[in-house]
Amino acid sequence: MADRAEVVAGIFVGGESTRMGGVAKGLLSSPDGPHIVDRWRASFEALRIPCVLVGRRDEYADVPLEALRDAPAGIGPLGGVVALLGYARGRYRHAITVGCDMPRVSVGLIGRLLAAPDAIAVAPRTVADGRWEAMFARYDVDAAYEIAATRASEASPGAPRSLQGLLDALHCVPLRLDASEETLLVDWDTPADRTR
């Protein structure tokens, strides 16, 4: 179980959003009104968890959060995970990764992730295909950093490394969700997803 005083959250905003026409997905309005990134901020504020943006896009310049550059850039979200874990080292015990395109995650579901037993990594597994939901995961910062950084250093620019592989390498523990909780993790990848 993660002590909230020892947790930082990273809202991943650096993707190119090609299937959504290049729009900054975190600035889309969520079903309940606010921009998705502001909804995340409010959720973490309610839980008293500091958060940062992970990845840099000019569209987020007015969001009042520190923005981390991927470390290294050009290898996909693994570079963002390394940046977040590197930022958290020496400051926090746990780091949470969340996607800026997930408009329905509740404070209660974040609480379930926080309350999960101690592990190097914790994330839900989708029932449909058994993949990790890497954009809703919790990491033990010190235990995960070296493994993530090593995997990132072995990646060449333009050759993304899988977060699925990282979570497997970290012996990720599944966060068991019921069917209603799984629906909260739906993300918006295409314009059609906004009408689901």
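The values are calculated or read from the model by the stated rules, or taken from the named source; none is laboratory data. It should be emphasised that the depicted structure is a prediction, and the values quoted were computed from it without experimental measurement. Ideal geometry is used to build each Cβ from the backbone, glycine not excepted, and the neighbour counts take in all protein chains shown. We work out accessible area using only protein heavy atoms, side chains counted, and drop any ligands, DNA or RNA first. Shrake-Rupley method; radii C 1.70, N 1.55, O 1.52, S 1.80 Å.
Things worth noting here:
- Around the amide H of R131, modelled in the peptide plane, lie the amide H atoms of T126, all under 5 Å away and 5 or more residues distant in sequence or on another chain.
- Heavy-atom accessible surface of the stretch 53-186, averaged per residue, reaches 44 Å², computed with a 1.4 Å probe.
- Using a Förster distance of 30 Å, the FRET efficiency for D3-A42 (Cβ separation, nearest 0.05): 0.90
- Spacing of the two label points (7 Å from each Cα toward its C-beta) at D58 and S180, in nm: 4.5
- Contour minus Cα-Cα distance for A115 and D168 (0.36 nm per residue): 17.0 nm
- Using C-alpha pairs under 8 Å with a sequence gap of at least 6, the mean separation divided by the residue count of the stretch 1-108 gives a relative contact order of 38 percent.
- Relative contact order, percent, the chain [alpha-carbon distance under 8 Å, six or more residues apart]: 26
- Accessible surface of the chain [probe 1.4 Å, protein heavy atoms]: carbon and sulfur percent: 51
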